[in-house]
Amino acid sequence: MAMSAEQKATQADALAFRRSGDPGELLLCLRMEQSAELAQSAHNILDDALNRFCPGVSRADLREEEADRMIMSNIKAQSTWPEGFANKLYLASRASHSAACGMGSNQRHRKRVTSLALAMLLICENSQSPQCQIFFQTHPLLLSLARVCMNAYTAPQEATAAPAPLVVPVAPAQPAQPAPDKAEQERLEEMEKLLKVTEPVEPPAAPAVQPEPAKPIPRAATEPYDKAAALLERASTLEGQWPVVAHYLQVYALELLITAKQAGQSSPQADNMMLTALQAAELKKGQLDLTSGPAKAQEFVLKVYDAAVASDSLPKLLDASLYLESLYQFYGAARPVELTNRASYAQLRAEYLASCQQHGKSPAAAKPPALPVPTLPGASTAMPKTAAAPPAAPAPAAPATAPAAAPPAAPAPLAPAAPAAPAAPAAPAAPAAP
């Protein structure tokens, strides 16, 4: 029977136990097949979990060590896992002594499984946090693994003490050898001096280069609060050079927060952000010339989009998608396809690049759509008038038809050109008519 996508990605077992006499110390142990897809992105998943549930903490702040005999004996007693080695990973700065263990047949795979185990431990400890929903939207394949770990976390086993080490009998001490005489001692000292001179001096070993922790992959903001926070952050950086653009970013962030509050998706933190944004927008509105503000904002955003498309950069495409969405405030419900298609391409291309970066794949060449510049609602009525003016230029053709008497003068030259003119004596009578 073929496995589902979640089963292929997971392929793991988990168990948890507490040390007796210390209810605050819980160990979550995880074992995973090397073919599991989640193992390839374990370190990135841990970075994202630390960023959401332990702000200010990175993998550089973690402590990793080999599992002690107590851990190994309990794993062997409570499971049938074949691996015989495990790593232990925990946050040294936390008051809780909870830790995560990862089992694996080789050191590289063991480190990956240990990172996943600690990420799952943080999710289990913060299962009621709203960040969990956002986390699973970013990593949907983790849902199956989270269920396995949550079942073990909520029903931990009691750890037993490690078995006493074997006592190895010590061989009886050999009788002391008699000390060499003085001449022999001097000869040995001379030999040691000669050996120190002739022995090659090995250079000191170079310090081990610690690998840099992997940087978290940027992700698009999906929740109203996250979008508003990102927009206000961008507005603060643009306020000096582009104050009009920064103002409209603040206005759109305020719209997102108000809409979320009306829908019941609010919090004290979101309310404080909304009040601050409202005060800033009202203050700037009276100091800025917003006569052509929408046009300036759209021109700036389209340049940001063009630069992001040209560079095919994940962070720039995420910024361009956010900026393009802020232009919706100028169009209301009638959003032009020239704008929505740009925003859709920037967001989808960014998600594709993030997936390639997460799985270590080379992205395919970008194929951005060729789109015209969207027309703002205020400019749509003025543009057709100026465009229709050039076709009105042929109007002077009317005077050309006015002198209709001119055509009779044209036949006059034709009369001499006709050979039959002598046979018509009535030609002189034509001048007599006037």
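So if we plug the beta-carbon distance of Q157 and D226 into 1/(1 + (r/R0)^6) with R0 = 41 Å, what FRET efficiency do we get, rounded to 0.05?
Once rounded, the FRET efficiency stands at 0.60.
What order do T138, T80, T237, T375 take when sorted by accessible area (1.4 Å probe), most exposed first?
These residues rank, largest area first, as T80, T237, T375, T138.
For a quick size check, give me the Cα extents of the range 36-88 along its three principal axes, largest first, whole Å.
Over the range 36-88, Cα extents along the principal axes are 37, 25, 15 Å.
Could you work out how much longer the chain between Q358 and Q128 gets when fully extended? Use 0.36 nm per residue separation minus the Cα distance between them, nm to one decimal.
Length difference between fully extended and current span is 80.1 nm.
Quote the FRET efficiency, to the nearest 0.05, computed for W242 versus C54 with a Förster distance R0 of 30 Å and r equal to the Cβ-Cβ distance. Before the final figure, lay out each step's value.
Details: r = 35 Å, r/R0 = 1.17.
The formula returns an efficiency of 0.30 here.
Apply the Karplus parameterisation 6.51 cos²θ - 1.76 cosθ + 1.60, with θ equal to phi minus 60°, to every residue of the range 121-133 and state each ³J(HN,Hα) to the nearest whole Hz, in sequence, with x for glycine and proline.
Values per residue, Gly and Pro as x: 4, 5, 5, 4, 6, 10, 5, 8, 7, x, 5, 5, 4 Hz.
Kirkwood hydrodynamic radius for the range 264-307: how many Å is it when counted over pairs of different Cα atoms? Don't skip to the answer; put the middle values down first.
Values: mean 1/r = 0.0777 Å⁻¹.
One over the average 1/r among Cα pairs gives 12.9 Å for the range 264-307.
Taking the alpha-carbon centroid of each part, what is the distance from the range 102-166 to the range 266-340 in angstrom?
Cα centres, the range 102-166 to the range 266-340: 40 Å.
Can you give the FRET efficiency for T375 and S35, using 1/(1 + (r/R0)^6), R0 = 45 Å, r = Cβ-Cβ distance, to the nearest 0.05?
So the FRET efficiency works out to roughly 0.25.
Would you kindly give the portion of the calculated P(r) for the range 264-368 that falls above 24 Å, as a percent of all Cα pairs?
Summing the P(r) tail past 24 Å for the range 264-368 gives 42 percent.
The values are calculated or read from the model by the stated rules, or taken from the named source; none is laboratory data. This structure is a prediction, so every number in the text was calculated from the model and none was measured. Neighbour counts are summed over all protein chains in view; Cβ atoms, including those assigned to glycine, are modelled from backbone coordinates with ideal geometry. Calculation scope for accessible area: heavy atoms of the full protein, side chains included, ligands and nucleic acids excluded. Shrake-Rupley method; radii C 1.70, N 1.55, O 1.52, S 1.80 Å.
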